[in-house]
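Input: a single structure, listed below in structure tokens.
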Amino acid sequence: MTTHPRPSPTPPTPPTPPDPCAPRDRRTPPDRYARPVVELTAVTKEYAGGVQALRGVDLTVLDGELLAIVGPSGSGKSTLLHIVGTLDRPTAGRVAIAGHDVAALSDRALSALRSRHVGFVFQSFHLVPGISAQANVAEGLLYCGLSRAERGRRAAAALERVGLGDRMEHRPHELSGGQKQRVAIARAVAGEPDLLLADEPTGALDTASGRSVMELLHELNDDGATIAVITHDQEIAASLPRSVRIRDGRIVSDEWHAQPGRPREAP
Amino acid sequence: MSTTRLRPPRLGPRDVLHVGSAGLRSRPMRVFLSALGIAIGIATMIAVVGVSSSSQAKLLQELDKLGTNMLVVTPGQSMFAGQDTKLPKEAPGMISRIEGVRSVGTTGDVPEAVRRSERIPKEETGGIALKAAKDDLLGVLRARMRTGTWLNDATSRYPSVVLGHVTAERLGITGVGAQVFIGGRYFTVIGILDPVPLAPEIERSALIGWQAAEQLFAFDGHPTAVYERSADDRVAQVRALIARTANPQSPTTVSVTDPSAALQAKAATEGAFSTLLLGLGGIALLVGGVGVANTMIISVLERRHEIGLRRSLGATRGQIRIQFVTESLLLSGLGGLAGIALGAAATGVYARIGDLPWVVPWWAVTGGFASTLAIGTLAGLYPAVRASRLSPTLALQAT
Ligand SMILES: Nc1ncnc2c1ncn2[C@@H]1O[C@H](COP(=O)(O)OP(=O)(O)OP(=O)(O)O)[C@@H](O)[C@H]1O
Ligand SMILES: [Mg+2]
């Protein structure tokens, strides 16, 4: 059945709060790792033409995790990220994001899910040319249903957050690669998503810019965001608490690292 | 399983306008060129309608000034060929007593030649008629003096003459005081009339006083035209009675005409604008619409990344659709507004040159604008649907 999820006769939770993009304090719940944000079960993705990009992937990401997804080119990392971000549907298997079964949702509901729970950072930034950094970040809040003034305010706060408080009015072509990526990150996090998905966010950056972007992701994670980062960089992968290795559409390893200098609770 | 309802928030009108205009702001030249096609089409149609409406308004204005409440009574033709009919001398007086008649003016033809001087042969009268005038002729015709004065009680008895403007031109007379040779003696020009659209025969006449005509020439005193004005709502009743009143002996020979009817007919044909030009405007508009559709398809192709990005940010298919339809509407709406301004300006220039009132009918403006909006929606619909159907991942991956 692919009908809209209807509230059961006796809803166990209260209805949606009026402001879906409102900041939440994620640090207070004592069981912050108890809630799975992503649950993939036996997910398969076959593209037209018979390419099997994913072959039976099981993956669970809990609230507050910071994980790397690594693997050779063409192994299915981007495909996995798109499916986790509900931009694409799996050929087979079950995907649940923030508790919602994706297969049961209409395209409209998926859009709402993305606007409320998921933030993307793309390798090639995808900033809208010709408008200011602040406007770019504010554009990311458009589909949350916030007022114009509130969007501007939150965009400014998000840019402060990524250290670009002095570049608000700069347009994309007036920013360095690292700054553009920070704007893209600010846009992704301005709506306070439960899940931040980054596809090679440092791929187009030099080492120094890449390191500062990674530091920013660490800070955001410390503040409670759940983050999945695709990377080719072994060093970066090793610096994150968890790394998931994938090859030919299969998860071949899934390991947790000790975090020197970063005291973190065990999962 | 969470039971929170996932419903995408609506975009308010301002936000729709914001996303719809984003693509236009970054490409002003393209906006200008694709709006131009629409603008030319609308401008043509507005100008065609505007010019003919202005001409019509001018005629109607004139007609309003002249009034449609005048009737002219002339002796008409007898049933027996060759037998002249005449209006009785009492006709003007009788007509003025019909209920509703406000004023009466009378002319009588005097069979004498009007010449610039005695050296000009009698035959060369230039088609100028000599008429005796009495009663309130000037007032009934709403005629104005170009120069000089109209005949009064005193000048009506003496050899004084007032010329119609055509007569004055033919005789080469521009001012009062000139002498005109009529029936063997010189008359002094005391005035020249402005054009009299309701009575062109007066424009080609020389008018002398009734008494002067009777005393100086062999004028029999029978009127040859009685002009009459009545209240607007009495025209029909007066018309029904006037022939019998003017000539009780043979009412059927009397001819009664309404000179404003011809002007009204002319005004009606002026209002019917050229269908050919209007059709050309329509074709230009259609071509403009195709241009907008083309621009929109290119815009969608170019902005696949943006579309994928917006989808990843949570835009629904409907929100992508409305973004591109809005963009298309803005494009053609801008073209439409520019076209209306251009068409109105062209009409204004034409009106100024032709000394017409500047009339651009509201129905043409609203109709023109509505048609641009319809074209914008049609032109944007297909590209917008295509944009909304793009798979977000493919849109993002597009090179
Ligand atoms: N739209 C598509 N249609 C068909 N095949 C596709 C499509 N997108 C990806 N693929 C194929 O699916 C496989 C996985 O692609 P994917 O983009 O997920 O790889 P990746 O791990 O992200 O690689 P990279 O590190 O180079 O970005 C590849 O073999 C690719 O050719
Ligand atoms: Mg990839």
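The values are calculated or read from the model by the stated rules, or taken from the named source; none is laboratory data. What you see is a predicted model; the values in this text were computed from it and never measured. Here the Cβ positions follow ideal geometry from the backbone for every residue, glycine too, while neighbour counts run over all protein chains shown. Just so you know, the surface numbers come from the protein's heavy atoms only, side chains and all, with ligands and any DNA or RNA stripped out. Shrake-Rupley method; radii C 1.70, N 1.55, O 1.52, S 1.80 Å.
With respect to (1) open to solvent by less than 50 Å² (accessible area, probe 1.4 Å); (2) more than 16 Å from ligand 2 (Cβ to nearest atom); (3) under 19 Å from A:V37 (Cβ atoms), the lone exception for A:L159 is condition (3). Under the condition of being acidic (D, E) and either touching a residue at least 24 places away in the same chain (Cβ under 8 Å) or more than 7 Å from chain B (Cβ to nearest Cβ) (or both), the residues counted in the stretch A:99-118 number 1.
Could you check, for the stretch B:268-279, whether at least one of its residues is under 30 Å from B:A129 (Cα atoms) and either of a type in the set (S, T, N, Q) or at pLDDT below 85 (or both)? No: the stretch B:268-279 contains no residue that is under 30 Å from B:A129 (Cα atoms) and either of a type in the set (S, T, N, Q) or at pLDDT below 85 (or both). Every condition in (1) within 16 Å of ligand 2 (Cβ to nearest atom); (2) surrounded by fewer than 16 Cβ atoms within 10 Å (Cβ to Cβ) holds for A:T202 except the one numbered (2). Taking the stretch A:187-199 as the range and being within 11 Å of chain B (Cβ to nearest Cβ), crowded, with 24+ Cβ neighbours inside 10 Å and within 16 Å of ligand 1 (Cβ to nearest atom) as the test, only A:L197 passes.
Within the stretch A:56-78, being touching a residue at least 60 places away in the same chain (Cβ under 8 Å), away from ligand 2 (no atom under 16 Å from the Cβ) and surrounded by fewer than 16 Cβ atoms within 10 Å (Cβ to Cβ) holds for A:G56, A:D58. Scanning the stretch B:205-222 for residues that are surrounded by fewer than 19 Cβ atoms within 10 Å (Cβ to Cβ) and outside any helix (DSSP H, G or I) yields B:F217, B:A218, B:D220, B:G221, B:H222. Candidates A:V84, A:V121, A:V51: the one that is among the β-branched types (V, I, T), within 16 Å of ligand 1 (Cβ to nearest atom) and touching a helix residue (DSSP H, G or I) at 6+ places or on another chain (Cβ under 8 Å) is A:V121.
Does the stretch A:141-160 contain any residue that is touching a Lys or Arg at 6+ places or on another chain (Cβ under 6 Å) and within 16 Å of ligand 1 (Cβ to nearest atom)? Taking every residue of the stretch A:141-160 in turn, none turns out to be touching a Lys or Arg at 6+ places or on another chain (Cβ under 6 Å) and within 16 Å of ligand 1 (Cβ to nearest atom). Go through the residues of the stretch B:10-24 one by one and say whether even a single one is assigned to a loop (DSSP other than H, G, I, E, B), open to solvent by 20 Å² or more (accessible area, probe 1.4 Å) and away from chain A (no Cβ under 14 Å). Within the stretch B:10-24 (the criterion being assigned to a loop (DSSP other than H, G, I, E, B), open to solvent by 20 Å² or more (accessible area, probe 1.4 Å) and away from chain A (no Cβ under 14 Å)), the answer is no, since none of the residues qualifies.
With the condition kept exactly as written, say whether any residue in the stretch B:299-312 is hydrophobic (A, V, I, L, M, F, W, C) and away from chain A (no Cβ under 14 Å). Step through it out loud before you land on a result.
Quick first cut of the stretch B:299-312, residues hydrophobic (A, V, I, L, M, F, W, C) only: B:300-301, B:307, B:309.
Keeping just the survivors that are away from chain A (no Cβ under 14 Å) gives B:300-301.
There is at least one residue in the stretch B:299-312 that is hydrophobic (A, V, I, L, M, F, W, C) and away from chain A (no Cβ under 14 Å).
When the residues of the stretch B:376-399 are filtered to those that are surrounded by fewer than 20 Cβ atoms within 10 Å (Cβ to Cβ) and within 29 Å of B:I42 (Cβ to Cβ), the one that is farthest from the other protein chains (Cβ to nearest Cβ) is B:L378.
Within the stretch A:119-131, the set of residues being more than 8 Å from chain B (Cβ to nearest Cβ) and open to solvent by less than 20 Å² (accessible area, probe 1.4 Å) comprises A:G119, A:V121.
Against the condition surrounded by fewer than 16 Cβ atoms within 10 Å (Cβ to Cβ) and under 24 Å from A:I97 (Cβ atoms), how does A:D223 come out, does it pass? Quick ask: steps written out before the conclusion?
On the way: surrounded by fewer than 16 Cβ atoms within 10 Å (Cβ to Cβ): yes; under 24 Å from A:I97 (Cβ atoms): yes.
Against the criterion (surrounded by fewer than 16 Cβ atoms within 10 Å (Cβ to Cβ) and under 24 Å from A:I97 (Cβ atoms)), A:D223 qualifies.
Does B:Q77 satisfy the criteria of being surrounded by fewer than 20 Cβ atoms within 10 Å (Cβ to Cβ) and either under 32 Å from the mean Cα position of the chain (by Cα) or more than 20 Å from B:P197 (Cβ to Cβ) (or both)? Before you say what the answer is, go through the steps one by one.
Values: surrounded by fewer than 20 Cβ atoms within 10 Å (Cβ to Cβ): yes; either under 32 Å from the mean Cα position of the chain (by Cα) or more than 20 Å from B:P197 (Cβ to Cβ) (or both): yes.
Judged against the criteria, B:Q77 is a match.
Can you name every residue in the stretch B:246-255 that is open to solvent by 30 Å² or more (accessible area, probe 1.4 Å) and not in a loop (DSSP other than H, G, I, E, B)?
Narrowing the stretch B:246-255 to residues open to solvent by 30 Å² or more (accessible area, probe 1.4 Å): B:248-252, B:255.
Once the filter is applied, which keeps residues that are open to solvent by 30 Å² or more (accessible area, probe 1.4 Å) and not in a loop (DSSP other than H, G, I, E, B), the stretch B:246-255 yields B:P251, B:T252, B:S255.
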